[in-house]
1. Please work out the C-alpha center-to-center distance from the stretch 174-197 to the stretch 65-97 and express it in whole Å.
2. Can you run phi through the Karplus equation (6.51, -1.76, 1.60; θ = phi - 60°) for the stretch 307-312 and list ³J(HN,Hα) in whole Hz, with x for Gly and Pro?
3. Give me the number: length gained by fully extending A239 to I312, i.e. 0.36 nm times residue separation minus the C-alpha to C-alpha distance, one decimal in nm.
4. Would you grab the residues whose amide H sits under 5 Å from the one on Y198? Only those 5+ places off in sequence or on another chain, please, with H modelled 1.01 Å from N.
5. Using θ = phi - 60° and the Karplus relation 6.51 cos²θ - 1.76 cosθ + 1.60, list the HN-Hα couplings for the stretch 64-75 in order, rounded to whole Hz, with x at every Gly or Pro.
6. Points 7 angstrom from Cα along the Cβ direction at D41 and N293: gap in nanometres?
7. Modelling each spin label as a point 7 Å along the Cα-to-Cβ direction, I'd like the E98/V282 distance in nm, to one decimal.
8. If each of T60 and Y153 carries a label point 7 Å out from its Cα toward its Cβ, how far apart are those two points in nm?
Amino acid sequence: MMKRSLKIAVSAIVTVSLSIGVGSVAAADEVPPGTIEELIDAAPDADQARKAPEVSADSTVSLPTGSAEAITFAHEDGASLSVGLPSNADFVVDTSAELGDKTVVTTQYMNAGDASRPADLPSARAVLVIPNADAPSSYDFDIRVPEGTEAEYRTDGGITLVRPAATQQGEPQATAVIADINAPWAVDANGVKIPTSYSFDGQTLTQTIDLSAVTAFPVVADPKVDWMGYFVRLTYSKAETRNMRDQGIIIGAIVGAGATISVAAGPAAPAIIAAVYAASTVAVGVIAATASNAVGDGKCLQLDIPSMYPSIVKCKS
């Protein structure tokens, strides 16, 4: 048998996901809960939580208080994204109390968990702790995003919020990546993974957790959002990808896409283009090798700016 602390540790968590399960739960055990803080600290990704937001000077993230129940990301030019908290969960700032008979939600600053992204990337999550089978199985998070933002559903169950930019003929396709809602997950107090998934209608992210699959309560869930601000993604065609195998043309090709980057990045374009100049010479070899592998696989090159992180994707055209 698991020790009580280990059961709590693996208690349940959901990362920006949602489960489409409903239904009543048959005879699920209830593990005597500790404090809300103990439940959260024992859950997955607890090691990514941080006490204060270490973010870049032109971008901030703030957590809600009792009077402002939303996680807010903002850029110095006024662009922002907010994640409201569900109305059917009690918001708590002080997590030292024991879990009662109603779902609670609290918030945390987080580290971005992706080595390809800047260390100071603003990131936060809303942590749900679901006490029993009588609790709701779905929770709504109101999302306010910049105008023109679209949702891209990823194969891992997460959602990327993007704003496509106008692209001139002969230039790579540019997309401003606004935020990543991390892949969903959930586990119950026995460490069993619980089916969970998202639905998103453009304004409300709904997380549904299949409580019928729970073998022991409580369950912990945590929609986690990485605010990308004016992060830009360039996706190359097959012909452009073939060209990017040549180290001699890579820097010129990227710098030549400055106008496209400017359209996608808006006010942040000068800083991003400066970063491109600084990073290009270091990244050239990796970009060329990735492009070559993409050609061999019949796929296309994708390049994240300003991190200069290359990846291989299915060609869009």
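1. That distance is 19 Å.
2. Taking θ as phi minus 60°, the curve returns 5, 6, 7, x, 8, 10 Hz for the stretch 307-312.
3. Here the answer is 24.9 nm.
4. Distant-sequence amide H within range of Y198: L18.
5. Per residue, the Karplus-derived 3J(HN,Hα) values read x, 10, x, 9, 9, 8, 7, 7, 10, 10, 8, 10 Hz.
6. 4.0
7. Inter-label distance under the simple model: 5.2 nm.
8. Those two pseudo-labels are separated by 3.6 nm.
Rule-based calculations on the coordinates, nothing more; no lab input. Note that the structure is predicted; figures quoted are calculated from it, not measured. Reconstructed Cβ throughout: ideal geometry from the backbone, glycine too, with neighbour counts over all protein chains shown.
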